[in-house]
1. Which percent of the Cα-Cα distances in the stretch 403-449 go past 13 Å?
2. Percent relative contact order of the stretch 501-586, based on C-alpha pairs within less than 8 angstrom and at least six residues apart?
3. So what are the ³J(HN,Hα) numbers for the stretch 505-519, from phi and the Karplus equation (6.51, -1.76, 1.60; θ = phi - 60°), rounded to whole Hz, Gly and Pro as x?
4. Please arrange 596, 259 by accessible surface area, largest first, computed with a 1.4 Å probe and ligands excluded.
5. So what are the radius of gyration and Dmax for the Cα set of the stretch 478-607, in Å?
6. If I model a spin label at residue 263 and residue 176 as a point 7 Å from the Cα along the Cα→Cβ vector, what separation in nanometres do I get?
7. List the residues of the stretch 620-656 whose backbone N lies under 17 Å from a point placed 7 Å from the Cα of residue 130 along the Cα-to-Cβ direction.
8. What is the mean projected area of the alpha carbon convex hull for the stretch 319-440, to one decimal in square nanometres?
Amino acid sequence: LGAPSVPSKPNGVLASSYANAKSQKGSFAGGCRGCTAAAAAAVAYGRLGAGRRSEVVGTSGASLKGLTVRRAAGIAEPAVINELQEASRKFDQLRGEWEALPLNPGKERVISLVSQEQALRESLKLKAGELGNPADTTTVARFGSGDTVVRAHGDCTRAVVGAELARSDWEVRQLQSSTDRKAYAAAMINGAVLKMRLFNIDGAYEAMQHASTLGSSDPRLELLTRYSAQLKAPRHADFLTGEDLSSGSRAETLLQGFKGVFMANQYSIDMVLQATKSDSMSRFIFVDSKADELERGLLENIEETNPLKPEDPSKPKVPVDLVDLVRLFLLHRILPLARICQLFGPECTQLLLKLRVVSALEGNACRIIDPDEAIAAVAASSFSCGAYFAVSNIAMWPIEEDLVIATDFEQTFSEPGLEPVMYISEDSWALLGGAPREPVRSVLDFCTGSGVQGIIALRYYAERATFVDLNPRSPKFVKLNLALNGLAHKVDGVFHGNLYEALPEECLRPGTYDAILANPPFVPNPQGIASGAGAMFGNGGDTGEHVVIGIIKGAPRVLLPGSRLTFVSMAPNVEEMPGRIKEWYTSVAGDSASFKALVYRGSPTPAERYLPTASEVETKRYQAALQAMGITTLSEVIVVITVGGPNDGGPSAVLADAAQRELWGNQPYLRSVVQRALGSGASSAVAAPRAPAAPRAPAVPAAPAPPAPAPEPAQATPELNAAAAEAAAAVAAAAAAKDAEEMGRQPQQNAREGNLPGFQVGFFPGYCSGPSSRWVPTAQELERLAKR
């Protein structure tokens with residue numbers, strides 16, 4: 001691979017605490033949106049995986065149609081709260097005694113404190129009962145919950161871990177002058193783990209740096225020095241700052257060259273999945289627990305040419321450089337800095353170091369090197385680069401044909417002053433596939449995160465784009481991704497702020513935008529109970545719809561007839577969602593406002609299976625809160641709202657089709673049905689010229705036995721389109737049953753970027769099961785219907 005590799009992390013030690021969530025589907029919001037910024041990796045004896053209750057935006061209402069929200073905090077359970085508070089007080093007192101304990105205090109005093117701690121733990125275990133032992137909760141709560149029981153339980157966890165850390169710190173002081181370096185290092189590592197449980201990453205990193213100097217053979221040492229460096233590096237205040245990334249800048253030119261290396265090495269969805277023997281890009285979310293397996297797949301696809309061994313035609317031809325690109329930017333591995341120079345060249349590598357896109361590390365201790373020092377080492381010798389290693393602080397996702405998108409890794413968790421930019425998850429892929437692509441002049445991308453939705457719009461159907469997000473980290477990623485993909489010259493603004501409030505006054509008028517795209521926070525988080533829903537990108541308020549409400553209510557301010565709003569969400573009680581949409585929209589635009597909303601939905605998930613929680617107490621209180629609000633199911637949805645004109649009738653909102661199993665993962669349906677929601681029946685009056693349509697891929701030959709032509713409709717209507725789509729879906733479903741038997745459902749073998757009638761190349765990304773020949777007649781029928 002051009003340079004020696006750093007040993008990989010063994011499985012089972014740095015594993016995501018949400019790894020068993022089956023791609024995070026069913027138990028909570030399908031694209032891992034319910035997971036907090038994914039600081040959730042198990043670290044030795046403690047895990048990182050709490051969240052934060054971020055400020056939700058939109059409206060203050062929290063009601064579902066026909067239901068009145070009742071706060072779960074009304075169930076006070078004062079006896080439990082009092083017992084937890086008393087336990088916290090006792091553990092805080094014990095912490096104080098450990099902190100005040102002098103060195104060499106005498107064996108009896110130490111035994112007394114240890115016995116006291118053991119007795120408190122036993123008592124706490126008995127008192128906690130069905131709410132779970134606070135001492136067993138992996139990490140402390142990052143932000144206080146409005147639920148008094150959850151808050152008291154979290155405070156008790158913090159007190160328990162604090163007392164344990166005080167004891168560990170005393171042990172470190174006691175062993176500092178000892179000749180037993182092994183015990184000293186073990187105590188330092190124990191303290192680092194406890195600091196990680198408290199989310200004190202800087203303290204954990206310093207402790208691991210110290211431990212690495214003691215010559216210990218503790219197996220945790222190599223793992224945690226690297227892991228603490230990976231957690232610390234992207235949190236620097238200067239991350240993605242210090243360079244002009246605007247159109248025409250030198251940095252933009254270098255970044256486009258950086259992207260060019262990815263393109264030259266076939267860094268596409270299809271090739272990445274083939275190379276790693278994967279069936280879904282979701283495999284690269286919470287990648288720590290899967291990295292070894294994925295890396296083995298990569299390395300098995302690389303071997304030297306042997307003239308005596310016949311070439312295996314079924315084996316993908318994986319570019320050698322692609323292996324290290326995947327290892328660095330998807331598997332979060334560490335490579336020699338000289339290898340980065342070899343891939344991208346010295347000048348580009350220096351830019352990456354300055355932006356902190358990559359960080360240089362020194363030795364087995366993984367000491368983070370200042371960018372200026374690393375840049376100087378590259379300038380001195382691009383072949384040795386000071387013998388430093390390098391780690392990427394961003395994940396690079398292949399998107400559709402020729403785009404790459406940078407995001408935070410899931411390990412970057414939220415804390416005061418830092419909210420991560422979310423990785424590309426199932427809901428992101430769903431909106432990419434389902435948003436209509438009729439040409440428009442200007443698109444507005446709300447809750448933009450990395451900017452992926454607006455960038456896709458600029459690539460395929462929009463002339464201009466505006467990006468908005470409440471997260472101050474988001475604009476940095478948006479500007480980086482625009483520069484990477486050569487689209488910075490097509491941007492009207494990148495704004496930090498709360499929805500429409502972030503826009504300049506001159507933009508707040510009808511006709512400013514022809515389309516709005518939104519992937520808002522949507523995880524229900526009543527009273528901030530669920531730490532797994534705490535990150536800003538996930539927390540949708542009590543019902544999960546606070547931000548959605550704000551987006552819908554403000555849409556009439558900037559859209560004209562014929563314009564559209566498309567968003568993805570996880571809807572509570574989806575059968576009532578059309579009524580809620582009508583209520584939200586007309587509350588501002590008036591009862592006679594004309595619009596048509598089509599709600600495409602997935603199969604409902606029972607609310608009791610939706611668990612963005614990190615402890616027993618959270619789970620019980622969260623379920624009680626959902627029940628109190630009357631939420632019985634949650635469903636994946638994609639909603640397309642088209643603004644009507646004076647002659648288009650009044651408000652209309654309907655469930656557009658039958659519920660689709662795993663809607664967000666059904667790319668053929670999203671692209672053939674949802675993306676064509678505007679095919680007819682909607683007003684097409686848009687105030688500005690349209691961008692040219694993206695070219696279509698050539699059609700494949702017709703199937704041997706196409707279905708009989710559908711009767712010619714008298715007039716195309718949304719209802720007729722919905723009926724046709726439902727019939728087509730039924731045909732596809734019937735064929736799928738036979739396909740499952742014939743194909744054995746082996747996505748790796750059948751996955752391909754589709755070339756079917758009516759679909760652009762890339763409409764079937766590699767992570768989807770490839771469509772069989774039985775889909776061709778259905779696609780042709782849909783094509784004929786669309787043309788009518």
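1. Working: 750 of 1081 pairs.
Roughly 69 percent, once rounded to a whole number.
2. On the way: 120 pairs, mean separation 31.1, N = 86.
Result for the stretch 501-586 is 36 percent.
3. 4, 5, 8, 8, 8, x, x, 5, 10, 9, 8, 10, 10, 8, 10
4. Working: 596 70, 259 30 Å².
If we order 596, 259 from most to least accessible, we get 596, 259.
5. Final numbers for Rg and Dmax: 16.3, 46 Å.
6. Here the modelled spin labels are 5.7 nm apart.
7. Under cut-off, by backbone N: 620-628.
8. On the way: hull surface 40.6 nm².
The number I arrive at for the stretch 319-440 is 10.1 nm².
The values are calculated or read from the model by the stated rules, or taken from the named source; none is laboratory data. Because the structure is a prediction, the values reported are computed rather than measured. So basically every Cβ, Gly included, is an ideal-geometry build from the backbone, and we count neighbours across all protein chains shown. Just the protein is used for accessible areas: all its heavy atoms, side chains included, with ligands, DNA and RNA removed. Shrake-Rupley method; radii C 1.70, N 1.55, O 1.52, S 1.80 Å.
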